[in-house]
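Notes follow once the structure below has been shown.
The values are calculated or read from the model by the stated rules, or taken from the named source; none is laboratory data. In this text the structure is predicted, and so the values were computed from the model without any measurement. Every residue, glycine as well, gets a Cβ built from its backbone with ideal geometry; the counts of neighbours run over all protein chains shown. To get the accessible areas, we keep the full protein, side chains included, count just its heavy atoms, and leave off ligands, DNA and RNA. Shrake-Rupley method; radii C 1.70, N 1.55, O 1.52, S 1.80 Å.
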Amino acid sequence: MSATSAAGRRAPFGSRLLGPRDQSPRRLRIRIQVLLTVLLLSTNVIGALVVFAIGTWAIPSPSPNRAMTIALAISIPVYVLLAVLVGTFWGTTTALKALRWATRRGVEPTAQERTRALRVPISLTKMQLTMWLVATAMVTLLTSLLQPSRAVGTGLTVGIGAVVVAGVSYLLTEFSLRPIAARALADTRVTGRIRGVGLGPRMTIFYVLGTGAPLLGLVTAAVLTFTPVGDDTTITQLAVVTIIICSIVLVFGFLVTILNARSVADPVRSVRDALRAVERGNLDADVDVYDGTELGQLQSGFNAMVSGLRERETIRDLFGRHVGQEVAAAAAALGAGEIELGGETRICSVLFVDLVGSTTYATQHSPAEVVAVLNRFFAVVVDEVDRHRGLVNKFIGDAVLAVFGAPVEHPDHAAAALAAARAMAARLAAEVPEVGAGIGVATGQVVAGNVGHQQRFEYTVIGDAVNSAARLTDLAKEAPGCVLASWECLTAAEDSGSGEAAHWKAHGEVVLRGRSAPTRTAVLA
């Protein structure tokens, strides 16, 4: 398997949760403005409802006097309106300024811009908290002046609302701006210091919103209503307060738990889906990184791991093309530290093929034409050797040495070598008619293993069968069909019962160069 280009990969896992990363700058700008406006308005409305519910039913306080009623009726709507307008304008302006790079096509963010983009949820949360703390101080001061008995309850009520608004603002903003985070973290490795709020502080926010703030209201109500047990009115009121606060905990805590689960489960689920794809053999799997916390480190780490696997697979593929897939697989199974020089003795079949008249052809044609013919020649040879489960051991100029039975055992190596030679001869005559080729096949004992130096070696076969195949190749250029095999190879094919021997016939004996005894040969029938 070889890695494909990034352009050809499928959409990253998790992208369905984020929306398209390649949407137009104008559309993205509108998306940001609308999202932030809705979020800022909704969080303030949620805060106002929380304050109203707690102040009306949960916190026991004296009824407001006339002056207090008039002051609250004027100050609260005016402040809320101004806060919403100022907060929305302030928040969207601040966010768009930090995300300006994202609204321009083809602009890559700098490291500082990435950090600013990831800190947008925190910046908006600080802005919301600042406005609500100002409101808390203003309302508490106003109540202290006009009706001191309501000051503590009112201040705590608005303070709880401030915590709720700030927390909800962070959670919703962080979730909604994930497409921006994905762009900011694209092609980067999330390592080292956490960018933004880490996973631990985020869990703390969930606790404060879902449990801490409501329970604080319950404790406050209990303190403010503390009287002797015989006071039935106070006991009834405390019971009502308890029911209301517990209901808030149940409902609001459930919603916050859902947000919590989504914020953690979505990144983990995207990595899980990508891991399953890798397990199925898809090394083009990728995960959108949209979280600056430990979850983002998990997503980024997965992408780095898969990138390493793709690189390793590419190297393995290239290595296999150089030395043969079987040799590459055997080397990978052993490991670099376990590979030793030397080899093992085996009975194998060797096929040698060499071009006829390649020197003359090269002098009459351009180098480009010569290379084209060689590539077509090698393509036929490699294809037939692979098809018959052999190994192309090496290219020697315009010749090829192939072996059957090493490094992987082949129970019918002689028949496979003869069949490959027969098919190769027919195809070369039809597909590469410009030049001829002689093919020699021999079977015998060889030593197959690593030869060279510990720092640089190659897998090869050495032995009488190799020498015989090379000598037979020279003679095959003048033989019928341009294929010549040793009789030992034909005998081994007959013993296997494959039927390949029926395609061959005896051709007499020859004395090969370097030998004194004659060698019996066979040609195509």
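Protection proxy ranking of 449-461, 480-492, by the mean of other Cβ atoms within 10 Å over each peptide's residues and highest first, is 480-492, 449-461.
Per residue, the solvent-accessible area of the stretch 373-525 (1.4 Å probe, heavy atoms of protein chains only, all protein chains present) comes to 45 Å². Placing one equal scatterer on every Cα of the stretch 107-179 and applying the Debye formula, the log10 ratio I(q)/I(0) at q = 0.16, 0.25 Å⁻¹ is -0.64, -1.00. With a cut-off of 15 Å between beta carbons, the residues surrounding Val370 carry a summed charge of -2, where Lys and Arg count +1 and Asp and Glu -1.
Stretching the chain fully between Phe52 and Ala379 yields a gain of 109.6 nm (0.36 nm per residue, less the alpha carbon separation). For a straight C-alpha distance cut-off of 12 angstrom, the aspartates and glutamates reachable from Lys477 (same-chain residues fewer than eight places away being disregarded) are Asp354.
Multiplying the residue separation of Ser366 and Leu309 by 0.36 nm and removing their Cα-Cα distance gives an extension gain of 16.4 nm.
Taking a straight line from the alpha carbon of Lys126, these lysines sit under 26 Å away, with near neighbours fewer than eight places off in the same chain left out: Lys97. The solvent-accessible area of Arg376, taken with every protein chain present and a 1.4 Å probe, is close to 90 Å². Per residue, the stretch 106-166 exposes an accessible area of 44 Å² to a 1.4 Å probe, with every protein chain left in place. Neighbours of Ala502 by Cβ distance under 15 Å: Lys/Arg scored +1, Asp/Glu scored -1, total -2. Using the Cβ atoms and a cut-off under 11 Å, what net charge is assigned to the surroundings of Asp474, where Lys and Arg are +1 and Asp and Glu are -1? Around Asp474, the surrounding residues sum to +1. Across the accessible surface of the stretch 375-525, with the other protein chains kept in place and a 1.4 Å probe, carbon and sulfur atoms take up 52 percent.
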